[in-house]
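*Asks:* Sending over a structure as structure tokens; questions will come in a sec.
The values are calculated or read from the model by the stated rules, or taken from the named source; none is laboratory data. Computed from a prediction, not measured in an experiment: that's the story for all the values here. Here Cβ is always computed from backbone atoms with ideal geometry, including for glycine, and neighbour counts include all displayed protein chains. Remember, those area values only see protein heavy atoms, side chains included, never the ligands or the DNA or RNA. Shrake-Rupley method; radii C 1.70, N 1.55, O 1.52, S 1.80 Å.
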Amino acid sequence: MRYAIISDIHSNFEALTAVISGIRNIRADRILCLGDIVGYNAEPNECVDMVRSEDIRCIMGNHDACACGLEEPDDFNSLAMRALLWTSEQLTGVNKDFLWNLPRELRVRNFFLFHGSIHDTNKYIIYRSDALDCFRLLDGLGGGLRLGFFGHTHVRVALRYHREALSGDLSDQVALETDAEYLLNPGSVGQPRDRDPRASFLVYDDEKQSISFHRVDYDIRSCQDKIIRAGLPPRLAERLSLGE
Ligand code: ZN
């Protein structure tokens, strides 16, 4: 089975449609999403509708939790906050209900999906200590789980843990070793922050035990125009061309 794993769509419908057609071209079997369907950009309903109609299995991100009213946006910066208030006004009741009912975490066969860190949607895996804590939590879940997929940072990475040594890998293809554990981030569909503005996703092949990272171009200009027309902060449009 080949799983396409996407994250942090953030109401960028152009990027989402480009990623879905990229995934069709490489014929993945299933699409899974690590949360943050909404926030920042201008088409929240279109993105939630697409996730629902494409039957993408999705977990809840911190922006989803706040946009549907389940959580208060305590640690949002002013840009994120302005977009959040706009988003929650735009979202239909049906789409708010959909976000409200998303699970926080999901176990699929021998791998685990979460948004920020395990048992904490809002926590970022940035530093070495964050990754080590998360590997400990993965072990604690039991059942021989050795792969965790996460989003939230909008930066793609493969972290490997083997015999108490942690290493990072930024290559496009990663062959998974049977005796190592991995935490993998596909990067962001709708707001990449690694200086590459193209939409990002990964494919996990559970027969070959391999990960491949992919980037696709999309119509950034069209997404930016919609941000400006919606009256959202211009900085949200500008950052998309910079990949930050
Ligand atoms: Zn996000």
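*Asks:* Per 5 Å bin, what percent of the C-alpha pairs of segment 30-122 does each bin hold, from zero upward?
*Replies:* Going from the shortest bin to the longest, the percentages are 3, 15, 26, 26, 18, 9, 3, 1.
*Asks:* Calculate, for Ala165 and Asn77, the FRET efficiency according to 1/(1 + (r/R0)^6) with r their C-beta to C-beta distance and R0 22 Å; round to the nearest 0.05.
*Replies:* Once rounded, the FRET efficiency stands at 0.05.
*Asks:* Estimate the FRET efficiency between Arg24 and Asp97 by the formula 1/(1 + (r/R0)^6), using the beta-carbon distance for r and 22 Å for R0, to the nearest 0.05.
*Replies:* 0.20
*Asks:* Taking the Cα centroid of segment 180-202 and of segment 10-39, what is the distance between the two, rounded to the nearest whole Å?
*Replies:* 12 Å
*Asks:* Note the full-extension length gain between Leu137 and Leu70 as 0.36 nm times their separation in residues minus their Cα-Cα distance, in nm to one decimal.
*Replies:* 21.7 nm
*Asks:* Determine the shape class of segment 102-244: with a ≥ b ≥ c the square roots of the Cα gyration tensor eigenvalues, call it rounded for a/c under 1.5, and otherwise prolate if a/b is greater than b/c, oblate otherwise.
*Replies:* Here segment 102-244 falls in the prolate category.
*Asks:* Do the sum for the chain: with -39,500 (n - 2.57) for every DSSP H run of n ≥ 4, divided by all residues, what is the mean residue ellipticity at 222 nm, to the nearest 500 deg cm²/dmol?
*Replies:* Numbers: 8 runs with 82 residues, N = 244.
For the chain, the value works out to -10000 deg cm²/dmol.
*Asks:* Next question, about the same structure. For the chain, find the longest principal axis of its Cα atoms and tell me its angle to the long axis of helix 78-90, 0 to 90°, nearest 10.
*Replies:* 70 degrees
*Asks:* Roughly how tilted is helix 128-140, in degrees to the nearest 10 and between 0 and 90, from the longest Cα axis of the chain?
*Replies:* Long axis of 128-140 versus the principal axis of the chain: about 70 degrees.
*Asks:* For segment 119-167, I need the span (max minus min coordinate) of the C-alpha atoms along each principal axis, in Å, sorted largest to smallest.
*Replies:* On the principal axes, segment 119-167 reaches 27, 22, 16 Å in Cα extent.
*Asks:* Here's another thing I want to ask about it. What are the radius of gyration and Dmax of the chain, computed over its Cα atoms and given in Å?
*Replies:* Rg, Dmax (Cα atoms, Å): 16.9, 53.
*Asks:* Given a 1.4 Å probe and heavy atoms of the protein chains only, how would you sort Tyr161, Tyr127, largest accessible area at the top?
*Replies:* Tyr127, Tyr161
*Asks:* Using alpha carbon coordinates only, what is the Rg to Rh ratio of segment 81-151, with Rh defined as the Kirkwood radius?
*Replies:* For segment 81-151, the value is 1.09.
*Asks:* At a temperature of 37 °C and a viscosity of 0.692 mPa s, determine how fast segment 1-60 diffuses translationally according to Stokes-Einstein, using the Kirkwood radius over alpha-carbon pairs as Rh; express D in µm²/s, rounded to the nearest whole number.
*Replies:* This corresponds to a translational diffusion coefficient of 290 µm²/s.
*Asks:* Trypsin sites (Lys or Arg not before Pro), restricted to segment 197-244: which are DSSP loop and have at most 12 other Cβ atoms within 10 Å? Spell out each step's value before the answer.
*Replies:* Values: sites: Arg198, Lys208, Arg215, Arg221, Lys226, Arg229, Arg235, Arg239; in loops: Arg198, Lys208.
Answer by residue number: Lys208.
*Asks:* Tell me the angle of helix 220-229 to the major Cα principal axis of the chain, expressed in degrees between 0 and 90 and rounded to the nearest ten.
*Replies:* That helix lies at roughly 40 degrees to the long axis.
*Asks:* Report the Cα centroid-to-centroid distance between segment 217-244 and segment 135-165 in angstrom, as an integer.
*Replies:* Using only Cα atoms, the two centres lie 32 Å from each other.
*Asks:* Where q = 0.13 Å⁻¹, what log10 of I(q)/I(0) comes from the Debye formula for segment 165-227, counting one point per Cα?
*Replies:* Log10 of I(q)/I(0), two decimals: -0.45.
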